[in-house]
Amino acid sequence: MSIPKYSNLISAEQLASESLNRVSRKNWLIVDCRFSLAAPDLGWAEYLDSHIPGAYYAHLDNDLSGPLTASSGRHPLPELSQWKRLIGRWGVDHDTQVVVYDHGTGATAARLWWMLRWSGHFNVALLDGGYRAWQEAGLPISVQKPEFVDINTAIDFKVDSSLWISTPQLELELPKSILVDARSAERFHGITEPIDPVAGHIPGALNMPLEENLGKDGKFLSADELRSRFTKNIEGCKAKKNQSDVIHMCGSGVTACHNILAMEIAGLTGSRLYVGSWSEWIRDPGRPIAHDRQI
């Protein structure tokens, strides 16, 4: 197995330089994850219009999520057979360096970054600044769709179930856990809720909006700045024994991955994802919710 060259972030300039050898080495995979909750087909249309050369497209609803159930959140994890099939069509093996991107913030692409790590593949990096950074650097774009490899032997599929937590597990662990919510302050405090039918947050949760992981240029803050941000908010709020006591959530388990990535960049490894997040928590009206109604 090769040592991952990029495991968290990659710049547009680094990707452009590396991609010069991608055709001959055939061990680089780029995936476009642009998506809009308000217009679910928009990302695909934008991909068809232009994308980074050689990039595949991953649809949040169709590729990176499974079927909804009466008790699930809006974006449950896909069935393992579906997920393994997709990885196989991309031709991912242990030596594949994967790069994921979306419009710019990484809010959607971080979900795929996390899912590959969940599958045991750590050679995956998010394009810092996303497609916007690629375009602003004047780098080549394409309208050509790559062919699927369609192989049966993808990476050794060793899903690490310790990286995420279910709602029943969360209910048991809440007293000792540090729950970090990546949604905007307005949604967290219950001032507005444009997506889910119930406003508010899980009692005791901390609000750390994902946008605060980014600088004014739309790229991730430095490792030191991110470490300061998270330690300032997390350390001392509960008797944290290890990093796995930190659990990340959002509206549906997608943008929470952005905070996980930020912590990994900061060297704060091992935190977990609450996949169901707010949209699953509120499925049961008996679960407690909090409304601050102020910021």
Being in a loop (DSSP other than H, G, I, E, B), within 27 Å of Ala12 (Cα to Cα) and not aromatic (Phe, Trp, Tyr) narrows Gly190, Gly253, Gly204 down to just Gly253
For the structure I just gave you, tell me whether Asp196 is over 19 Å from His291 (Cα atoms) and of a type in the set (D, E, K, R). no
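Tell me which helices (runs of 4 or more DSSP H) are completely within segment 55-174 and hold 3 or more residues being surrounded by 14 or more Cβ atoms within 10 Å (Cβ to Cβ) and touching a helix residue (DSSP H, G or I) at 6+ places or on another chain (Cβ under 6 Å), or say none if there are none. Even if it seems obvious, please write down each step before you answer.
Working: elements: 80-90, 109-118, 130-136, 167-173.
Answer list for segment 55-174: 109-118.
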Within segment 162-186, take every residue that is at pLDDT below 95 and among the polar types (S, T, N, Q) and give me the one that is nearest to the chain's Cα centre (by Cα). Ser162
What are the pairs, 6+ residues apart or on separate chains, where a residue within segment 165-176 that is closer than 13 Å to Ser244 by Cα and in contact (Cβ under 8 Å) with a residue 60 or more places away in the chain has its Cβ under 8 Å from a residue that is surrounded by 14 or more Cβ atoms within 10 Å (Cβ to Cβ) and β-branched (Val, Ile, Thr)? Ile165/Ile247; Ile165/Val275; Leu170/Ile247; Glu173/Ile165; Glu173/Ile247
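The values are calculated or read from the model by the stated rules, or taken from the named source; none is laboratory data. Given the structure is predicted, the values throughout are model-derived calculations rather than measurements. Cβ coordinates were reconstructed from backbone atoms using ideal geometry, including for glycine residues, and neighbour counts include every protein chain displayed.
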